[in-house]
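We did not get these values from a lab; they are worked out from the coordinates using the rules stated. Bear in mind that the values here come from a model prediction, so they are computed numbers and not experimental data. Cβ placement follows ideal geometry from the backbone for every residue including glycine, while neighbour counts extend to all protein chains displayed.
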Amino acid sequence: MARELAPGLAIPMDFTGPRAGDKENEQFWSDTEIPRPAKTTSMISIESPMPAKGKLRSELAHLHAALGARDVAAALNHLQTLVPDYTPSPALLSLAGQNTPRVNA
């Protein structure tokens, strides 16, 4: 990127290798999703379970309303309905006034 942004300049680069704690690989899909080979080389496609169209629209509308009202607990409930594997951080749960992984409004 540096060579593209500053063509013609000699920009030294040091390749240091992985640092302590760096991951060698990481899985970016949940246990409810299915990875499949993609049409592009070295890529995968993730097949995710989808709620019925009516339920999706309804939950998105409820999520939008909760966000508009700044109701963090309700927003988390609707988000977790849409994405069951999502676990809010302790800081977000604290903001919602809850202390359990599943927020109940």
* Asked: Residue farthest toward the positive end of the dipole of the chain, with Cβ of Lys/Arg at +1 and Asp/Glu at -1: which of Pro84, Ile44, Ala6?
  -> Pro84
* **Given charges at beta-carbon only (K, R positive; D, E negative), |dipole| of the chain in Debye** => 360
* Based only on Cα atoms, what Rg/Rh ratio does the chain have, Rh being taken as Kirkwood's radius? -> 1.16
* Structure fact -> Total charge of the residues flanking Asp31 in space, meaning their Cβ is under 14 Å from its Cβ, with Lys and Arg +1 and Asp and Glu -1, is -3
* To do: Using the Kirkwood radius over Cα pairs, work out the Stokes-Einstein diffusion coefficient for segment 53-95 at 4 °C and 1.567 mPa s, in µm²/s as a whole number.
  => 123
* Provide the per-residue ³J(HN,Hα) series for segment 87-95, in order, calculated from phi with Karplus coefficients 6.51, -1.76, 1.60 and θ = phi - 60°, each as a whole number of Hz, with x at glycine and proline positions. => 10, x, 5, x, 5, 5, 5, 5, 4
